[in-house]
Structure formats: structure tokens, C-alpha cells
Amino acid sequence: MADPLVEFDGVEKYFGDVHVLKDVDLAIEERDVVVVIGPSGSGKSTLLRCVNRLEEIRDGDIRLDGRSVLETDVNEIRQQVGMVFQSFNLFPHKSALGNVSLAPQKIRGIPEAVADDRARELLERVGLGDQTDSYPDALSGGQQQRVAIARALAMDPKVMLFDEVTSALDPELVGEVLDVIEDLAADGMTMVLVTHEMGFAREVGDRIVLMADGRIVEVSETEAFFERPETERGRQFLSRLL
Amino acid sequence: MATQTDPESGTGGVMMRDRLVKRIGEIAAGGFLLAIGGLLVWILSTQVNYTLLTSTLIARRFAEAFLLVLRIVVISSLLSVSFGVLVGLGRISTSNVTGRIAKGYVEFFRGTPLLFQLFVIYFGIPRLWATGQFPIQDWAVPAAVIGLTLNHAAYVGEAIRGGISAVPDGQMEAARSLGMSRVMALREVVLPQAWRNALAAIGNDQIILVKDTSLLTVIAVPEIMSVFRNINSNQLDPWTPLVWVCLLYLAITMSMSQLVNGLERRSDWGSDNSMLGRLSRGTSGGDTEGGDR
């Protein structure tokens with residue numbers, strides 16, 4: 001098999017004196033859907049944010065498609081890595097369509113009409129074909145998060161990162177966002193998700209990565225992890241959920 | 001009254017007090033209006049010389065001063081807002097040097113009187129040409145524009161900086177994570193929102209700029225207050241020209257407020273649920289529809 005699409009190699013990350021990622025090794029293959037779980041403060045989100053260099057690592061390396069992200073222009077890396085946030089962060093001064101088509105226009109120089117057509121397709125794909133002209137303020141949390149997913153997809157990323165994207169949603173709105181993510185998984189998008197939704201993790205994830213205290217303590221096939229975790233930490237974590 | 005009194009929270013008593021406060025306010029405001037209005041009517045009927053007020057002599061002189069002030073205001077306004085945006089950007093620059101220079105600029109121009117700054121520019125600068133002749137003959141108006149611009153750019157800069165810091169960090173992060181450079185993210189995402197946040201404060205400052213033109217009388221700009229002083233000393237009649245002065249300033253400042261209101265409405269994309277935002281949209285409650293534009 002070729003190089004993994006995303007590869008963590010001995011990654012060390014500190015916030016000041018706090019050691020938040022400890023010797024992290026992880027390989028994510030193309031079309032892989034990896035779900036990162038673990039108690040809060042275990043470094044899950046930080047792990048994600050190191051991929052597109054929203055956080056800088058102190059030691060080790062992260063490679064995207066065989067190239068070190070540390071040695072590549074940061075904006076170039078980010079154009080290949082889509083990210084969706086817990087708090088949506090839609091641009092309030094742009095319509096749904098404007099949110100999705102802004103980056104391709106400004107960064108890639110794609111003509112407005114072309115970018116808008118593509119944005120319409122993407123909004124259609126996340127089930128918001130009828131809301132293209134709505135401003136974020138007029139959309140529900142679930143709709144806003146789906147626009148955010150479409151916005152990230154508009155740059156044609158090689159991998160999508162989801163940072164607790166359902167945590168800020170009302171429970172009845174979680175489903176519509178998870179449906180979109182499942183749909184992406186079915187289409188073969190490579191994805192790394194940090195989530196607290198265990199049911200969803202089990203449904204969509206190919207592999208589960210369990211983190212604790214800044215370390216990866218277990219990487220298992222999804223079914224295997226939920227049926228019979230290999231590690232004591234895994235068993236503890238699951239037992240606390242039940 | 002018994003039905004209104006809730007024994008647990010004492011609502012009845014609170015309501016009584018609220019109504020009492022409201023009534024006291026109405027009486028105070030009404031009394032104030034009566035006193036000022038009465039004084040005004042008395043002044044207008046006994047002190048103002050209407051023949052002089054409507055004479056072409058005084059009208060022409062005020063009109064000339066008004067047009068000059070208008071020109072100075074338009075130019076200084078455009079320049080101070082443009083330059084102020086740069087000052088605001090300098091304040092948030094990641095470069096320590098730029099940030100400190102911008103901070104020093106703001107401290108100086110906000111921390112010294114405009115009159116002092118006008119004196120420095122009008123009297124001080126020409127003296128730097130010790131040997132030769134200062135090349136600009138009519139220095140008063142250019143000096144005025146420079147002074148007003150430099151002074152108000154400091155205030156606009158602070159308004160912009162405040163507007164930028166009120167934009168949530170997640171906006172910059174979302175833009176950067178799409179692959180935008182910092183400059184592009186500022187231009188496309190942060191500044192449009194900062195501009196909206198800062199508009200009220202900038203408008204406020206620009207109205208002060210209009211009134212600050214009255215200081216230009218001391219550097220020999222033939223503006224509105226100069227005309228007043230001239231007429232008052234010739235005719236020994238302050239009230240007649242004061243009516244002109246009042247109406248002319250109000251004409252500029254009120255158009256300025258209209259302009260700012262218009263700009264605020266134009267940059268309203270519906271997410272502003274602050275009291276101010278709702279007032280400026282003319283809606284009262286949570287029934288705003290941001291999406292139907």
C-alpha cells in the first residue's frame with residue numbers, strides 16, 4: 001500500500017508546560033474514517049488541530065500525502081484539509097451560498113458564477129438546496145453546521161476533520177448533521193472525527209482511536225473496540241458510558 | 001388592587017413604584033421642555049432681528065462659510081475614516097513595531113487638544129522653512145484639513161480596533177482553516193464585520209468632527225463661527241446670527257446621522273440582536289427575519 005494519507009509520527013505538543021500530546025503515532029489511509037474518542041482534556045481536539053497547523057507541534061512530524069505539513073506552506077496545507085468546528089463559525093455577513101463559494105473564489109480565483117454553481121451543488125448535497133440565500137442568523141444550528149460542512153468541502157479537501165461538530169446542537173438537530181457525515185463516509189471521503197456520540201462513532205467509524213492523557217491508548221476496528229476492547233483503559237472508558 | 005398583589009414577589013408594589021418613576025420622569029421631561037421652549041420662544045420673539053436675519057448680506061456670508069465648512073468636512077471625513085482604518089489595522093498588527101507606532105499615534109492625537117494640533121500645523125509648520133518662503137500661500141484650509149484628519153483618524157482607529165476585537169476568534173480561525181492568508185481573512189471576513197461593529201462609534205466621531213470645525217475660527221479659516229463673530233461685533237446683536245449658526249450646524253450633523261443610519265442599515269445582515277441593532281432596523285422583538293433579503 002502507498003503512503004498513508006495522514007500520518008502522525010512521534011508527535012509531541014505542549015501548551016506552555018503542559019504536555020498535551022505524547023509520542024503520538026497514527027496512520028490514516030485514504031477512505032479511512034477514524035473516530036477519536038476519550039475523556040475531555042485527553043488531547044483529542046488538539047490532535048485534530050495539529051493536522052492543519054491550527055496548533056504547532058514541538059517534536060515529531062505529521063505528513064499529509066507523504067509531505068511533512070511542517071515543511072509545507074500553511075495555507076497550502078489548509079486548502080487540502082477541510083475542518084468543521086463545534087461552533088460552526090459561519091461568516092454572518094454572507095449568505096449560505098456566499099459562505100460556501102467565498103474561499104474557492106478568493107483563494108483559487110474561480111469565477112463567481114462557477115463557484116456559486118458548485119456551492120449550490122454542495123448545499124444540495126447537504127440538504128440545503130432551498131436555503132442558499134439564507135443568512136446564518138436565519139438558520140438552525142443543524143442547518144448552520146451543514147453549511148459549514150459544505151463550506152469545507154468546497155475546497156475539495158483530501159481529508160475532512162470534524163471537531164465535536166454536534167456538541168453545540170440541540171439533540172433533535174444532531175441527526176441531520178450525522179446523516180450528512182455518514183453520506184460523506186459512504187462516498188469514500190477520508191475523515192477524522194472527534195466526538196462524544198458513541199452510537200454514531202460505532203455506526204460511521206472504520207476505526208476507533210482512544211486517547212487518554214495525551215496518548216493514544218488503543219486503536220481498534222470499530223466493532224472489535226465496542227465488543228471487546230483490547231486495553232484496560234478501553235474497558236474502563238466503555239464501562240463508564242454504560 | 002388585591003388581585004395585582006402577589007404575596008411572594010411583591011409584584012404589586014414593584015409595579016406601583018415603576019409607574020411612579022415613570023410619572024416623575026414625564027413631569028421632569030415635560031417641565032424641561034416647557035422651560036427651554038418658553039425661553040426659546042421669548043428669545044425668538046424679542047431678541048432676533050428678522051430683517052437682519054433674512055437680509056442677503058448675512059445670508060450670503062453664512063452661505064459662503066457653510067459651503068467652505070461642508071467642503072472641509074467632506075474631505076476630512078473621507079480622509080480620517082480611510083486613514084483611521086489603517087490606524088486600526090496597525091493597532092492589531094502582529095508586528096510589534098507597527099502596533100507600537102499606531103498606539104503612540106493614537107495616544108498623541110487623542111491625548112492633546114485639537115486646538116494645540118491645529119496651532120502646531122498652522123503656526124508651527126511654516127516656521128520650519130527658516131530661510132525661504134513657506135510654499136503654500138493659503139495655508140489655513142489645508143492646515144485645517146490635515147489637523148482634523150490626523151486627530152479624528154485616531155478616534156476612528158480606536159473604533160475600528162474595538163470593532164475588530166468584537167469579532168469572535170472563530171471567524172479568523174474558520175477563514176484561516178479554509179486556507180486564506182491572514183490578510184485575506186481580515187479583508188474578506190473580519191473587516192466587514194468589524195466595520196459594522198464600529199459604524200456607530202465612527203458616526204459619532206464624525207459628527208464631532210463637524211462641530212470641531214468651529215475651532216478653525218482661531219486659525220483664520222472663514223468658517224461659520226468667524227461669520228458670527230464678525231456680525232456680532234458689527235451689529236452688537238448676538239442672537240440673530242446665532243440662529244443661523246445653530247441651523248447650519250444642525251443641517252450638517254443631521255445629514256451625517258442620516259448617512260450613518262443608512263450605512264448601518266446597509267451593512268445589517270440580520271444577526272445583530274443587540275438593542276441598537278433592533279432599533280436601527282425598526283423592529284422590536286425576536287421576530288426578525290435575517291434570511292429574507
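The values are calculated or read from the model by the stated rules, or taken from the named source; none is laboratory data. Treat the numbers as computed from the prediction; the structure is a model and nothing was measured. Ideal geometry is used to build each Cβ from the backbone, glycine not excepted, and the neighbour counts take in all protein chains shown. Keep in mind that these areas ignore ligands, DNA and RNA; they rest on the heavy atoms of the full protein, side chains included. Shrake-Rupley method; radii C 1.70, N 1.55, O 1.52, S 1.80 Å.
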Applying the selection to the stretch A:142-163, what residues are closer than 18 Å to A:LYS94 by Cβ and either within 14 Å of another protein chain (Cβ to nearest Cβ) or part of a loop (DSSP other than H, G, I, E, B) (or both)? A:GLN143, A:GLN144, A:GLN145, A:VAL147, A:ALA148, A:ILE149, A:ALA150, A:ARG151, A:ALA152, A:LEU153, A:ALA154, A:MET155
Scope the stretch A:87-126; condition within 21 Å of B:GLN193 (Cα to Cα) and in contact with a Ser or Thr (Cβ under 8 Å, 6 or more places away or on another chain); matching residues: A:PRO92, A:HIS93, A:SER95, A:ALA96, A:LEU97
Pair list, Cβ under 6 Å, 6 or more apart: the stretch A:95-122 residue facing chain B (nearest Cβ under 9 Å) and over 23 Å from A:LEU184 (Cβ atoms), other residue open to solvent by less than 20 Å² (accessible area, probe 1.4 Å) and of a type in the set (Phe, Trp, Tyr): none
In the stretch B:81-123, the residues that are of a type in the set (A, V, I, L, M) and open to solvent by less than 90 Å² (accessible area, probe 1.4 Å): B:VAL81, B:VAL85, B:VAL87, B:LEU89, B:ILE92, B:ALA102, B:VAL106, B:LEU114, B:LEU115, B:LEU118, B:VAL120, B:ILE121
Sole miss for A:ASP130 among (1) within 8 Å of chain B (Cβ to nearest Cβ); (2) within 22 Å of A:ASP170 (Cβ to Cβ); (3) surrounded by fewer than 16 Cβ atoms within 10 Å (Cβ to Cβ) is condition (1)
Checking the condition buried (at least 21 other Cβ atoms within 10 Å of the Cβ), in contact with a Lys or Arg (Cβ under 7 Å, 6 or more places away or on another chain) and over 19 Å from A:PHE8 (Cβ atoms), which residue from A:VAL165, A:VAL177, A:VAL194 passes? A:VAL177
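Inside the stretch A:27-95, counting only strands (runs of 3 or more DSSP E) that do not spill past its ends, which hold 3 or more residues that are under 28 Å from A:PHE226 (Cβ atoms)?
Ranges flagged: A:33-37, A:81-84.
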Scanning the stretch A:56-94 for residues that are more than 11 Å from chain B (Cβ to nearest Cβ), among the acidic types (Asp, Glu) and out of contact with any Gly (no Cβ under 9 Å at 6 or more places or on another chain) gives A:GLU56, A:ASP65, A:GLU71
Okay, strands (runs of 3 or more DSSP E) sitting entirely in the stretch A:164-242 with 3 or more residues that are within 16 Å of the chain's Cα centre (by Cα) and not hydroxyl-bearing (Ser, Thr, Tyr), I get A:190-194, A:207-212
